[in-house]
Amino acid sequence: MATPALTTQIQHRTPKGKFENEPFTDFSHGKHTNDMKAALSWVSDQLGREYPLVLGGERVRASATFTSVNPAKPAEVIGVHQAGGVTEANQAVEAALKSFESWKFAPLEERVSLLLRTAEIIKQRKFEFCAWLTYEVGKNWAEADADVAECIDFLDFYAREALRLAGSQTPIQFPGERDELKYIPLGVGAVIPPWNFPLAIMAGMTAAAIVTGNTVVVKPSPDAPTIAARFLDVLEEAGMPPGVVNLLQGDGPNCGNALVEHPKVRFIAFTGSRPVGLEIHEKAAKPRAGQIWIKRTILELGGKDATIVAADADVNAAVDGVIAAAFGFSGQKCSAGSRAIIEDSIYDVFVEKLRDGLEAISVSDPVTNPRMGPVINAAAHARVLRYIEAGKAEGRLVAGGHAVETESGGYYIEPTVFIDVDPKAKLAQEEIFGPVLAVMRVKSFDEALAVANGTEFGLTGAVYSTAPENLDRARREFHVGNLYLNRKCTGAMVGAHPFGGFNMSGTDSKAGGPEYLLHFTQAKTVAERLI
């Protein structure tokens, strides 16, 4: 925990200047390359450590443990973690409840300063966190760097947004009254982040909750528990009081369900798959004994994201964008461009250039920084290969289609492309969450829009076209939460591209946007008659 002197320093910390996104690291610079290699070496010496739960500031051990492993080398243990269950979930909620009684009244400046100090520490240790991401979830250097940069952005942006929200006023002052509009915290929340952005999304949901006065229980993915434990250490170093954030490791059916169903949990912030998100939404909607509120869910779910390439597009730019969106982090992003919808007149040229572009993609251990690393675990590896095998009956395989065998037993799969895919095929409808791209031929831009909108999802999309009328139609008719014109459909930037989708892609919570903190607050109007 922080010393009294540090806490005093934190309480007076304020944002400097206007918000600016954390710059990405240029790894072609020799110093940055050497710094990353040094961080990877340092982190490799920390692998295999055991981590406790953190409940109310206390280190707690459970009756059982589980391990986190390197998806590039599954025999390599990243961390040993406590397998929390219902008992530990209840303890975590009680600790958060106790802390909420004081934290909800903590000065806004103290909460804001906690986020800013946390951001500063992570900036200082940027390469270290990049290295943890590389080892635990298989991100190459650029993907890891983007994850850490987004984490820093969320902390800085939400600190500023909390200050802005505190200055809210009623639209008018009624004559003879003093009217106020306050945004107050909800209470105890469950934060359930994904493994694919285990630092940025976990930190973002947590930061939004605590800067608005809530306390939380964070239950990370069992595939990325070490990164969460390391982040909690930083929060404590930055001066976080005990119990504001509680770390509960374990699986979903045990501690996850216990959190969602607990009558004292006021909200659940979840990022993950559509099936799990809908299950959480359903469980949260059912009131439990002793529950006096309607639980709120903030859900960021899946996508089957499409890139439309019009006949007038810059084909080379479109190919580059499709490849980056489809195969960045092995397609393991809810925003990944897993469908390419190409107008007939340029279809054959596009496919030829696409195949040529894939030849430059190397697949191997992300510690050595290839273009593509592994998928996250054995179950994901098997699932993606099943889709590939089934896809052979739905389209024509023109690239990839196989596992990449290595001595380490890593979960590698070639970048895979099917062409001539029917828009109603599984390849074009179901979220695969792996390096698989379905390419579809359409006769017109009208048909392209219809195909793009023809799934249950609505998260991201992209259009490549030089025709203003096409771009204008996409603005009006392409039904996604995040639309990108003449650029790839991944890589949302905090502040510039508030992120969240329509339909089965979630509650369109718009993370990194000006309305995100409202999801973690409730508005209270106070009208005082002037005497």
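The values are calculated or read from the model by the stated rules, or taken from the named source; none is laboratory data. Keep in mind it's a predicted model, so treat the numbers as computed, not measured. No Cβ is skipped: glycine too gets one built from the backbone with ideal geometry, and neighbour counts run over all protein chains shown.
No other residue among 221, 273 is within 17 Å of residue 68 (Cα to Cα) and of a type in the set (Ser, Thr, Tyr) apart from 221. Return the pairs, sorted by first residue and then second, in which the second residue is surrounded by fewer than 12 Cβ atoms within 10 Å (Cβ to Cβ), the first residue lies in the stretch 469-486 and is closer than 12 Å to residue 459 by Cβ, the beta carbons are less than 8 Å apart, and the residues are 6+ apart or on different chains. The qualifying pairs are 483/475.
Identify, by number, the condition in (1) closer than 24 Å to residue 239 by Cβ; (2) crowded, with 17+ Cβ neighbours inside 10 Å; (3) among the acidic types (Asp, Glu) that residue 136 doesn't meet. Only one criterion is unmet by residue 136, namely (1).
Residues that are touching a His at 6+ places or on another chain (Cβ under 9 Å) and either modelled with pLDDT under 95 or within 25 Å of residue 512 (Cβ to Cβ) (or both) number at least 2 in the following strands (runs of 3 or more DSSP E) confined to the stretch 207-304: 265-271, 296-300.
Out of 451, 526, one residue alone is β-branched (Val, Ile, Thr), at pLDDT 95 or above and assigned to a helix (DSSP H, G or I). It is 451. Do we find a residue being among the charged types (D, E, K, R), touching a helix residue (DSSP H, G or I) at 6+ places or on another chain (Cβ under 9 Å), in contact (Cβ under 8 Å) with a residue 12 or more places away in the chain and more than 24 Å from residue 375 (Cβ to Cβ) anywhere in the stretch 15-23? Looking through the stretch 15-23, at least one residue is among the charged types (D, E, K, R), touching a helix residue (DSSP H, G or I) at 6+ places or on another chain (Cβ under 9 Å), in contact (Cβ under 8 Å) with a residue 12 or more places away in the chain and more than 24 Å from residue 375 (Cβ to Cβ).
Restricting 165, 133 to residues that are under 16 Å from the mean Cα position of the chain (by Cα) and part of a helix (DSSP H, G or I) narrows the list to 133.
Out of all the residues in the stretch 305-333, which are assigned to a loop (DSSP other than H, G, I, E, B), surrounded by 24 or more Cβ atoms within 10 Å (Cβ to Cβ) and of a type in the set (D, E, K, R)? Listed by number, the list holds a single entry, 333. Checking each residue in the stretch 32-43 for being of a type outside the set (D, E, K, R) and either surrounded by 13 or more Cβ atoms within 10 Å (Cβ to Cβ) or in contact with a Lys or Arg (Cβ under 7 Å, 6 or more places away or on another chain) (or both) picks out 32, 33, 36, 38, 39, 40, 43.
When you check residue 394 against the structure, is it touching a strand residue (DSSP E or B) at 6+ places or on another chain (Cβ under 9 Å), surrounded by fewer than 23 Cβ atoms within 10 Å (Cβ to Cβ), part of a loop (DSSP other than H, G, I, E, B) and not polar (S, T, N, Q), yes or no? Yes, satisfied.
The numbered conditions (1) closer than 19 Å to residue 29 by Cβ; (2) crowded, with 23+ Cβ neighbours inside 10 Å are all true for residue 162 except (1). Within the stretch 98-120, residues that are among the charged types (D, E, K, R) have Cβ atoms under 7 Å from residues that are modelled with pLDDT of 95 or more and in a helix (DSSP H, G or I) in these pairs: 111/162; 111/210; 111/211, counting only partners at least 6 apart in sequence or on another chain.
On the stretch given as the stretch 410-429, residues that are under 16 Å from residue 354 (Cβ atoms) and assigned to a loop (DSSP other than H, G, I, E, B) total 4.
Whether a residue is in a strand (DSSP E or B), modelled with pLDDT of 95 or more and buried (at least 17 other Cβ atoms within 10 Å of the Cβ) was assessed, and residue 492 does not pass this test.
One residue is enough: does the stretch 86-99 have a residue meeting the conditions at pLDDT 95 or above, basic (Lys, Arg), farther than 25 Å from residue 517 by Cα and more than 24 Å from the chain's Cα centre (by Cα)? No, there is no match, as no residue in the stretch 86-99 is at pLDDT 95 or above, basic (Lys, Arg), farther than 25 Å from residue 517 by Cα and more than 24 Å from the chain's Cα centre (by Cα). The residue of the stretch 346-362 that is surrounded by the most Cβ atoms within 10 Å (Cβ to Cβ), among those that are among the aliphatic types (A, V, I, L, M) and in a loop (DSSP other than H, G, I, E, B), is 361. In summary, residue 451 fulfils each of the numbered conditions (1) crowded, with 17+ Cβ neighbours inside 10 Å; (2) assigned by TED's automatic domain parsing to the domain that holds residue 332; (3) over 17 Å from residue 310 (Cα atoms) with the single exception of condition (3). Just one of the numbered conditions (1) surrounded by fewer than 23 Cβ atoms within 10 Å (Cβ to Cβ); (2) of a type outside the set (Asp, Glu); (3) in contact with a helix residue (DSSP H, G or I) (Cβ under 6 Å, 6 or more places away or on another chain) is not true of residue 434: (1).
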